[in-house]
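The values are calculated or read from the model by the stated rules, or taken from the named source; none is laboratory data. Computed from a prediction, not measured in an experiment: that's the story for all the values here. Cβ placement follows ideal geometry from the backbone for every residue including glycine, while neighbour counts extend to all protein chains displayed. Only protein heavy atoms, including side chains, enter the accessible area calculation; ligands, DNA and RNA are left aside. Shrake-Rupley method; radii C 1.70, N 1.55, O 1.52, S 1.80 Å.
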Amino acid sequence: MSRGVDAGGRIAVRLEVLRERIEAACARSSRAPEDVRVVAVSKTHPPAVNRALLDVGVTDQGESRPQDLVAKAAEVARVRWHLVGRLQRNKARDVVGTAVLVHSVDRASLIDTLARRAEEAGVEQAVLIQVNVGGDPAKAGCPPEQTLDLVSRARDAARLEVRGLMTIPPAPPPEADPNEHAAEHFARLRDLRDEARRSWPEVRELSMGMSEDLEAAVAAGATVVRIGTALLGPREDPPWEPR
Ligand SMILES: *Cc1c(COP(=O)(O)O)cnc(C)c1O
């Protein structure tokens with residue numbers, strides 16, 4: 001996309017195609033499309049793209065870097081911001097209260113810091129626990145066997161609300177079908193969520209599925225899909241940077 005311009009309303013067209021994909025995937029597993037929320041991941045794109053998303057009714061938008069989320073939140077009002085990328089503890093203060101949902105909580109020290117920052121800010125912060133279901137060393141997320149401990153720790157923190165789990169599956173091999181490759185990882189996350197939910201009914205959300213594998217994610221029960229390319233086209237190069 002040329003910088004800042006949704007020439008020809010491409011976002012609206014892509015949104016239509018995306019909604020059809022989600023509806024078809026929901027139909028195949030007898031789910032209601034309203035139960036799958038789209039978070040548009042706008043990383044690398046300028047704030048004008050976030051406004052264009054708002055114009056077509058996409059209010060849930062995600063960024064992977066805290067500094068981008070904070071800068072865009074200052075420029076673009078009315079967005080429900082999601083942090084989907086790695087969070088260092090020294091950036092926790094910036095996102096608390098600005099992000100409606102932090103998807104990437106994957107260690108005890110980060111839970112403790114977020115809880116402290118939320119307390120200082122006097123806000124409730126909703127979070128997901130990110131799980132590295134594939135054990136991929138290149139991906140963030142806790143090992144699956146730590147999931148319940150982290151959920152429990154975050155639940156015990158006064159100002160945090162644990163809403164569910166998130167994962168990014170390992171990248172598929174070059175010739176593989178991304179949906180087929182991701183299916184077992186998504187099923188694993190769902191099983192972990194089901195296990196957590198038996199003790200803690202509020203642990204409900206499953207943030208999983210991106211542009212190439214959302215069908216498998218919906219089939220496995222995703223309640224949130226995080227979509228970049230399929231809505232916005234290729235990432236900007238060079239990426240947009242906050243001033
Ligand atoms: C970039 C990103 C996405 C979106 O990826 P696409 O393949 O472009 O849809 C989703 N989740 C996370 C965590 C991301 O960083």
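Using a 1.4 angstrom probe on heavy atoms only, work out the carbon and sulfur share of the accessible area of the chain in %.
Summing carbon and sulfur atoms, their accessible area is 47 percent of the total for the chain.
Ratio of region 94-178's C-alpha Rg to 2.2 N^0.38 Å, to two decimals?
1.19
Report the calculated FRET efficiency for Asn90 and Glu124 (r = Cβ-Cβ distance, R0 = 25 Å), to the nearest 0.05.
Using R0 = 25 Å, I get an efficiency of 0.70.
For region 7-151, what is the per residue volume of the convex hull drawn over the alpha-carbon atoms, in cubic angstrom?
Looking at region 7-151, the number lands at 140 Å³ per residue.
Would you kindly state how much longer the chain becomes between Arg197 and Arg155 on full extension, computed as 0.36 nm times their sequence separation minus their alpha carbon distance, in nm to one decimal?
My answer for the length gained is 13.9 nm.
Taking the mean number of other Cβ atoms within 10 Å as a proxy for protection, how do you rank 9-22, 97-110 from highest to lowest?
97-110, 9-22
Once both labels are modelled 7 Å past Cα along the beta-carbon direction, what's the Arg204-Gln67 spacing in nm?
Result: 3.7 nm between the two label points.
What number, rounded to the nearest 500 deg cm²/dmol, is the helix-based mean residue ellipticity at 222 nm of the chain, given -39500 (n - 2.57) per DSSP H run of at least four residues and division by all its residues?
Dividing the helical sum by the residues of the chain leaves -12500 deg cm²/dmol.
Once both labels are modelled 7 Å past Cα along the beta-carbon direction, what's the Glu75-Ala32 spacing in nm?
3.7
Per 10 Å bin, what is the whole-percent P(r) computed from every C-alpha pair distance within the chain?
8, 32, 37, 20, 2
Using only the alpha-carbon atoms, what does region 106-243 span along each of its principal axes? Please give whole angstrom values in decreasing order.
Principal extents (largest minus smallest coordinate, Cα): 46, 44, 25 Å.
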